[in-house]
Amino acid sequence: MTVQQHILQQQEDLFPEARGRFSSLLSGITLATKMIQAKIRRAGLADIIGSVGATNVQGETQQKLDVYANQALLDCLGTRESVAMLVSEENAEAVVIDRSGEGKYIIVFDPLDGSSNIDVNVSVGTIFSILRRPDGAQGDAAVLQPGWKQVAAGYVVYGSSSIFVYTAGQGVFGFTLEPEIGAYVLSYPNMRMPDQGTYYSVNEANADSFPESYQRYLGELRRRRYSSRYIGSLVADFHRTLLKGGVFLYPPTATNPSGKLRLLYEANPLAFLAEQAGGLATNGRGRILDVAPASIHQRTSLVLGSRSEVELLASM
Ligand code: P6P
């Protein structure tokens, strides 16, 4: 079964009123990710590695692939008639697609997360989140919705294979790109995060500036003989946690006292997936999906993973 067939089946069950709009959105996303992965597979061969010398709204040096990935998503989604707005990590402002109010959906995305790893051939990813545009809402107000209102969310991890993982609120499904036919084929029919794992995933270099409770928590995991796995590419670290269980953390640090990761297009989509797979996702104080966003590029601390490890942190 291809992802298109799966989405059509989900649409029948979930969005009978969607009249193909929903599947058209997801096919726009899958098309863009196929274009992105084709470039990543040739990185270094096509003078695509390295930066364009510009910096994005985050002040990060834009890698050429960042720019390409962002444009691919803007082009593939901007032409879908159900899209009202597009929000990207690479764009300071939301991109409004004028549909004279006809657009029903807002797509929020990180076009190429972990792009600093491209030059060293480490897995990177695309993360997306789909929201309904509230009737009559305009501009950022339409985007600033808590994560529990997401219609769908997912990512593609560009690793040894390219795997598309998504949820529309009825479970988590994974599809592996079959290069021979250029289609994502169902490879994980019902993804469940183990209730407990053996890994924790955190940048230990920041440990001295974590709040004291996090330091005690990590000490407890080490006492319980957990192994440390940190790739420094969020989608890759999340994908491993989804499959193997354990916990991923980006706590508050001296450099990023509110956490480094972005709420709307990193934490919320991954939190939706984690919960749909039986895991949990918090900001250290409360459920990520309950946070009311104040701005589209807002940062958050993030703890997500298996129920056992996330509840242990809450108890400490
Ligand atoms: P640090 C990559 O730049 C990224 O946005 C995520 O993909 C990753 O999880 C995180 O930053 C790594 O941050 O501070 O550990 O290098």
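The values are calculated or read from the model by the stated rules, or taken from the named source; none is laboratory data. Every value quoted in this text rests on a predicted model; they were computed, and no experiment measured them. Heads up, the Cβs are rebuilt from the backbone with ideal geometry, glycines too, and the neighbour counts pull from every protein chain shown. For accessibility, only protein heavy atoms count, side chains too; no ligands or nucleic acids. Shrake-Rupley method; radii C 1.70, N 1.55, O 1.52, S 1.80 Å.
Taking the listed residues Ile130, Ile97, Ile107, the one that is aliphatic (A, V, I, L, M), touching a helix residue (DSSP H, G or I) at 6+ places or on another chain (Cβ under 7 Å) and farther than 25 Å from Ala271 by Cβ is Ile97, with no other qualifying.
The residues of the stretch 188-217 that are away from the ligand (no atom under 15 Å from the Cβ) and touching a Pro at 6+ places or on another chain (Cβ under 7 Å) amount to a single one, Pro211.
Within the stretch 161-201, the residues that satisfy the criterion of being modelled with pLDDT of 95 or more, over 17 Å from the mean Cα position of the chain (by Cα) and among the aliphatic types (A, V, I, L, M) are Leu177, Ala183, Val185, Leu186. Scanning the stretch 145-152 for any residue that is among the aliphatic types (A, V, I, L, M) and closer than 30 Å to Met35 by Cβ turns up at least one such residue.
For the stretch 176-200, how many residues meet the condition of being in contact (Cβ under 8 Å) with a residue 60 or more places away in the chain, in a loop (DSSP other than H, G, I, E, B) and open to solvent by 20 Å² or more (accessible area, probe 1.4 Å)? Step through it out loud before you land on a result.
Start the filter on the stretch 176-200 by keeping residues that are in contact (Cβ under 8 Å) with a residue 60 or more places away in the chain, which leaves 177, 182-186, 191-197, 200.
Then drop every residue that is not in a loop (DSSP other than H, G, I, E, B), which leaves 182, 191-197.
Next, from what is left, pick out any that are open to solvent by 20 Å² or more (accessible area, probe 1.4 Å): 182, 192, 194-196.
Of the residues in that region, 5 qualify.
Tyr155 fulfils the conditions (1) within 23 Å of Ser301 (Cβ to Cβ); (2) crowded, with 22+ Cβ neighbours inside 10 Å; (3) away from the ligand (no atom under 16 Å from the Cβ) except for a single criterion, (3). In the stretch 37-79, of all residues being touching a strand residue (DSSP E or B) at 6+ places or on another chain (Cβ under 6 Å), modelled with pLDDT of 90 or more and polar (S, T, N, Q), the one that is surrounded by the fewest Cβ atoms within 10 Å (Cβ to Cβ) corresponds to Gln37. Scanning the stretch 232-279 for residues that are farther than 23 Å from Glu90 by Cβ, surrounded by fewer than 20 Cβ atoms within 10 Å (Cβ to Cβ) and more than 13 Å from the ligand (Cβ to nearest atom) gives Leu243, Lys244, Pro257, Gly278. Only strands (runs of 3 or more DSSP E) whose full extent lies in the stretch 54-134 are considered here, and the ones with at least 3 residues that are touching a Leu at 6+ places or on another chain (Cβ under 9 Å) are 83-88, 105-113, 124-132.
When we screen Ser82, Ser115, Ser123 for residues that are more than 16 Å from the ligand (Cβ to nearest atom), of a type in the set (Gly, Ala, Ser) and buried (at least 16 other Cβ atoms within 10 Å of the Cβ), the only hit is Ser82.
Among the conditions (1) open to solvent by 10 Å² or more (accessible area, probe 1.4 Å); (2) in a strand (DSSP E or B); (3) within 25 Å of His297 (Cβ to Cβ), Phe173 misses just one, which is (3). So, in the stretch 85-112, of the ones that are over 14 Å from Ala142 (Cβ atoms) and small (Gly, Ala, Ser), which residue ends up surrounded by the most Cβ atoms within 10 Å (Cβ to Cβ)? Among those that are over 14 Å from Ala142 (Cβ atoms) and small (Gly, Ala, Ser), it is Ser88. Within the stretch 218-231, the residues that satisfy the criterion of being open to solvent by 50 Å² or more (accessible area, probe 1.4 Å) and within 15 Å of the ligand (Cβ to nearest atom) are Ser228, Arg229, Tyr230, Ile231. Can you give me the number of residues within the stretch 201-216 that are hydroxyl-bearing (Ser, Thr, Tyr) and crowded, with 17+ Cβ neighbours inside 10 Å? Selection size over the stretch 201-216: 2. When Trp148 is tested against (1) closer than 29 Å to Tyr105 by Cα; (2) outside any helix (DSSP H, G or I), just one condition goes unmet, and that condition is (2).
Which pairs do you get when a residue that is closer than 29 Å to Ile40 by Cα, found in the stretch 142-161, comes within reach of a residue that is surrounded by fewer than 18 Cβ atoms within 10 Å (Cβ to Cβ), reach meaning Cβ atoms under 7 angstrom, with the pair 6+ apart or on two chains? Taking only residues 6 or more apart or on different chains, the pairs are Val151/Arg132; Ser161/Thr176.
Is it the case, given these coordinates, that Tyr265 is modelled with pLDDT of 95 or more, touching an Asp or Glu at 6+ places or on another chain (Cβ under 6 Å) and closer than 29 Å to Val87 by Cα? It is true that Tyr265 is modelled with pLDDT of 95 or more, touching an Asp or Glu at 6+ places or on another chain (Cβ under 6 Å) and closer than 29 Å to Val87 by Cα.
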